[in-house]
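Read the structure below first, then the notes.
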Amino acid sequence: MNKNRLPREQELSLLGKLSSDDAFRTRYETDPRAALKEMGVTDSTLASLDPAGLAPGKLADKAVIAQTLKQLTEQGLSDHVCLIFPVLRLNYGDPGSDKTP
């Protein structure tokens, strides 16, 4: 099984379109490769993806895809929030001390 994926931003964009754009959904169900190219996915990226994942077929309901998009977006936010380090201000309250060390 091929484990290559679209870049995260393209994945999120794809889920957004699949959860809201009926015409795009129809094109994707018929020809996923063409729909992805329409979104700007390059031929080299398409060639690296698992062919089984690019087969035409019926998509999940838009609400299910929207929920997945929400979860992935929230997951991404929590990943970034965890990387923010607090800054301890030892001079809090001192006149003219509006800068952190």
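Just so it is clear, none of the values below were taken in a lab; they were calculated from the coordinates. Given the structure is predicted, the values throughout are model-derived calculations rather than measurements. Glycine also receives a Cβ, built like all others from the backbone with ideal geometry; neighbour counts cover every protein chain displayed.
A simple spin-label model places pseudo-atoms 7 Å from Cα toward Cβ; at Ala60 and Thr45 they are separated by 2.1 nm.
Stretched out straight at 0.36 nm per residue, the stretch from Glu38 to Asp22 would grow longer than its current Cα-Cα span by 4.3 nm. Dividing the Cα radius of gyration of the stretch 8-81 by 2.2 N^0.38 Å, with N the residue count, gives 1.14. Placing unit charges on the Cβ atoms only, positive for Lys and Arg and negative for Asp and Glu, gives the stretch 8-81 a dipole magnitude near 140 debye about its Cα centre.
The residue list Ala23, Ala66, Ala47 was ranked by how far each Cα lies along the charge dipole of the stretch 8-81 toward its positive end, using unit charges on Cβ atoms, and Ala23 comes out on top.
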